[in-house]
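Just so it is clear, none of the values below were taken in a lab; they were calculated from the coordinates. Only a predicted model underlies this, so the values are computations on that prediction, with no experimental measurement involved. Because the Cβ atoms are built from the backbone with ideal geometry, glycine has one as well, and the counts that use them run over all protein chains shown.
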Amino acid sequence: MLNYARSITPRYWVFLSQLSYIWEGFTDSGWFTRIYRRTSSLTWHSMKCPYCESDNTRVIDTAHETTGPGIRRRRECMTCTKRFSTLERAILDTPMVVKGDGRREPFERDKLMSGIRMACAKRPIASAVLEGLVNQIEAKIQQTGKAEVPSKMIGDLVITGLKNIDQVAYIRFATVYLGLDDVESIRREIDKILDR
């Protein structure tokens with residue numbers, strides 16, 4: 001009987017013991033024998049199906065996100081045979097946001113996205129473009145390396161991004177963010193856009 005376990009170096013053996021199973025060797029009949037091992041350092045968590053909540057799913061396709069850091073996976077449930085997509089992103093620490101009145105709040109990606117969506121309501125802007133803008137803003141505030149960032153910095157990043165994406169959305173957001181409370185100030189902002 002051929003035994004691979006004796007010929008494996010100790011360092012490689014440690015690596016193999018971390019896998020869900022290892023090949024032990026040939027049996028007398030010539031077939032491989034699998035020994036299943038569960039280790040405390042390795043746990044497998046499969047994705048639950050959003051339709052039937054079964055753990056029995058498999059990955060069909062994997063693609064890197066074009067709008068930001070992340071991996072999009074197309075999955076299929078083996079129980080109900082429905083397909084769904086998941087997005088995997090690294091969870092990085094985001095700084096606290098310091099409001100104008102001195103309050104501190106954790107950065108909320110969903111809150112930022114909802115504000116941008118309100119400015120872009122009924123405009124011909126793809127969701128992927130908005131998602132890309134939020135990804136860029138989030139990445140920029142994480143790259144500062146600071147524990148706290150002023151809300152003005154986030155607002156300025158949104159204004160700059162919307163100005164490049166859609167001018168009507170920019171004016172909508174600027175009306176609230178810049179405090180344009182009369183028609184004349186809004187007209188000056190529109191004139192700035194038209195003079196470009």
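What shape does the range 143-182 have by the C-alpha gyration tensor, where a ≥ b ≥ c are the square roots of the eigenvalues, rounded means a/c under 1.5, and otherwise prolate means a/b greater than b/c and oblate the rest? It comes out oblate by the Cα gyration axes.
Straight-line reach from residue 48: taking Cα to Cα under 26 Å and skipping same-chain neighbours fewer than 8 places apart, the lysines in range are 82. Ranked for footprinting exposure by Cβ neighbours inside 10 Å, fewest first, 82, 163 give 82, 163. What are the lysines whose alpha-carbon lies under 27 Å from the alpha-carbon of residue 122, with same-chain residues fewer than 8 places away excluded? Leaving aside lysines fewer than 8 places away in the same chain, those within reach of residue 122 are 111, 152, 163, 192.
May I ask you to derive the relative contact order of the range 96-195, considering only C-alpha pairs under 8 Å and at least 6 residues apart, and to give it as an integer percent?
Details: 70 pairs, mean separation 28.6, N = 100.
In percent, rounded to a whole number, it is 29.
Judged by the mean number of other Cβ atoms found within 10 Å, the most tightly packed of the peptides 156-162, 58-64, 48-54 leads the ranking 156-162, 48-54, 58-64. Looking at the range 100-196, the pairs of alpha carbons with a distance over 16 Å make up 58% of the total.
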